[in-house]
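A short worksheet on the structure shown next.
Every number in this text was worked out from the coordinates using simple rules, so none of it is lab data. Treat the numbers as computed from the prediction; the structure is a model and nothing was measured. Neighbour counts run over all protein chains shown; Cβ positions are idealised from the backbone, glycine included.
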């Protein structure tokens, strides 16, 4: 494990933003005359980008209008309704202090990711933040990870990707990067196990303890 960089997904890996996402989805649904969805239902569609999310939670509406409404509303609620997951602050700051390069590669709009990292006190520890606007194809295509590695100036064999979904495993495999996952997001632990990550963590803090060995 001669890694020089650790790349992270955001939603479900470092932060719990499902309340904020659900609030914005239901804002768009209300504008379309639709009843609100419970958070557990919205959560099923998080991880593949805002277009995928809204196509599945606000059916039958103009997607571009729905995206515009979602973005405008989300900016007003995401800071108050997003929290760091257990161990996230310790892991990211610990890696930074140890001299590791750190990146966030998320299908969340990149402006939202940057604002959240700043609000949660992690921005100074993250060297690169990428979103779907920065690459030709979002995850599970490998484009985002490969772009991050290029900016960090590290090779695929020198990096680890940490996520919470099968899509993260698929993304890492496509990029040729080692992948660990933690079942703190929208995917069941059994489903993650079936997708055969390099390691299925019990909790995010294990990233530090394992690397320290």
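Values for this structure:
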| item | result |
| --- | --- |
| Kirkwood-type radius of the chain, with distances r between different C-alpha atoms, in Å | 17.2 |
| By average C-beta atoms within 10 angstrom, highest first, the peptides 194-206, 6-18 | 6-18, 194-206 |
| Burial order of peptide ranges 161-171, 38-48 (average beta-carbon count within 10 Å, highest first) | 161-171, 38-48 |
| D (Stokes-Einstein, µm²/s), Kirkwood Cα radius, the stretch 1-101, 1.306 mPa s at 10 °C | 106 |
| Between the stretch 165-188 and the stretch 1-33, the alpha-carbon center distance in angstrom | 15 |
| Mean separation of Cα contacts under 8 Å, 6 or more apart, over the residue count of the chain: relative contact order % | 25 |
| Percent antiparallel among DSSP beta bridges (both partners in the stretch 1-144, rounded to 5) | 20 |
| Spatial separation of Cα centroids for the stretch 102-151 and the stretch 190-210, in angstrom | 21 |
| Computed label-point distance, nm, for sites residue 156 and residue 115 using a 7 Å Cα→Cβ extension | 3.5 |
| Rg(Cα)/(2.2 N^0.38 Å) for the stretch 96-187, N = residue count | 1.02 |
| Relative contact order (%) - criterion: Cα under 8 Å, at least six apart; region: the stretch 18-77 | 43 |
| Residue order, fewest to most surrounding Cβ atoms within 10 angstrom, among 105, 125 | 125, 105 |
| Tensor-based shape of the stretch 90-146 (alpha-carbon gyration tensor, a/c under 1.5 rounded, otherwise prolate or oblate) | oblate |
| Sorted largest first, extent of the stretch 18-77 alpha carbons per principal axis (Å) | 24, 23, 22 |
